[in-house]
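This report refers to the structure that appears directly beneath it.
The values are calculated or read from the model by the stated rules, or taken from the named source; none is laboratory data. If you're wondering where the values come from, they're calculated on a predicted model, not measured in any experiment. Backbone-built Cβ (ideal geometry, glycine too); neighbour counts: all protein chains shown.
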Amino acid sequence: MAPLVLVLAACSGNGPQSALEPGGPIAKDIDGLWDLVFWLATAVMIFVTILYVWAIWRYRERAGDESEPKQAHGNTAIEVGGVVFSVVLLAIISVPTVRGLLDVRAIPEGPDVLQIQVTGHQWWWEFEYVDETAPDGRTLITANELHIPEDTRVNLTMTSADVIHSFWVPTINGKRDVVPGRSSNLTLIADDPTPPGEPIPGQCAEFCGLAHADMRIKLHVHTADSFAAWVEEQLAPSPLPAEGTAAAAGWDTFNAVCTTCHQVTLEDVEGEVVTYGPDRLITGGDVEFRSSFGPNLTHLFSRTTFGSGTFPLDVAHLTQWVDNPQALKPMDPDRNDLASGRVLGMPDLGLDPVEIAQVVALLETWK
Ligand SMILES: [Cu+2]
């Protein structure tokens, strides 16, 4: 009974990461194929089960009948029929399967396609909107929370900075491996805007080390207008904090410690826009990717979560994180690319409580 309950529990319809509740045309194609195979397989199972039960009942042992049953070897009609039936059934299924595979693999082209480069990291996602540029030529870079407009073909070109990951937002498309030294593509098309603060959840789907389960994705779907507004807001630099505030003291710490790994784009008092932090090029085969070591924190507080979609973005969680990220999300710093983690003495960043509060006060100003 207990195993049956467990199996049936998998059918409950409220899984937020269910490929069976598609939110876009590609996911609907995949779901339709699943439905077709499911019902054909169900029909075969019912047919075979009926034959099986009938044979058991028809040829059961009867009281008083000691005679030996008729001895037979082989039945050409049943054997040929079984093979032909299976071949025909698989041939029927193969047509939409192959067509679906080709459709899912096709890389969308045209001026209306939104191009986004994705870099997988242990354990977070980096997104660069390569065609969304500020007047000074900067592109839009963000992390973990992906924003796209509704009803638009989005082409993700993806690579990894370290090990193999897999990008998966189940209600929008299947999963696609993200491989170091190579590039792979995945198309996203979402039907409807998501309510504010309720992004579509996704997940790294290739085991990539200790924090694999906490390498999540939040997909925000906008109307065209609200997407344009989001782009404009994200491309604007965050301000440098006013002198004499806690945030200003936090900036001294941030600039000395945090920019070793994290990027942030700020506008100083003279109106000059400066991007702090590392900027390196990663090769993904024939595509180059600009990449950092930690999430870009410009407009951090426009996000709903942090730690790769794992924790709600609030002062309490962020304070804990800046103090000791390993305590919240174990990340095995000796084995990953928390770039200069060893230099900085990770897991503890070595900041005292006053410095931590100042850094968090600074981060709060980056809305
Ligand atoms: Cu993973």
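See the values below:
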read-out	value
Checking Ala205 against (1) within 16 Å of the ligand (Cβ to nearest atom); (2) at pLDDT below 95; (3) hydrophobic (A, V, I, L, M, F, W, C), the condition it does not meet	(2)
Strands (runs of 3 or more DSSP E) (entirely within region 221-293) containing at least 1 residues that are among the aromatic types (Phe, Trp, Tyr), closer than 27 Å to Ser183 by Cα and in contact (Cβ under 8 Å) with a residue 24 or more places away in the chain	287-291
Residues of region 185-202 that turn out to be within 16 Å of the ligand (Cβ to nearest atom) and either surrounded by fewer than 20 Cβ atoms within 10 Å (Cβ to Cβ) or without any contact (Cβ under 8 Å) to a residue 24 or more places away in the chain (or both), as a count	1
Options Leu266, Leu281, Leu297: the member that is among the aliphatic types (A, V, I, L, M) and under 17 Å from Trp123 (Cα atoms)	Leu297
Pairs where the first residue, in region 92-110, is in contact (Cβ under 8 Å) with a residue 60 or more places away in the chain and of a type in the set (A, V, I, L, M, F, W, C) and the second is surrounded by fewer than 14 Cβ atoms within 10 Å (Cβ to Cβ) and assigned to a helix (DSSP H, G or I), C-beta under 8 Å, 6+ apart	none
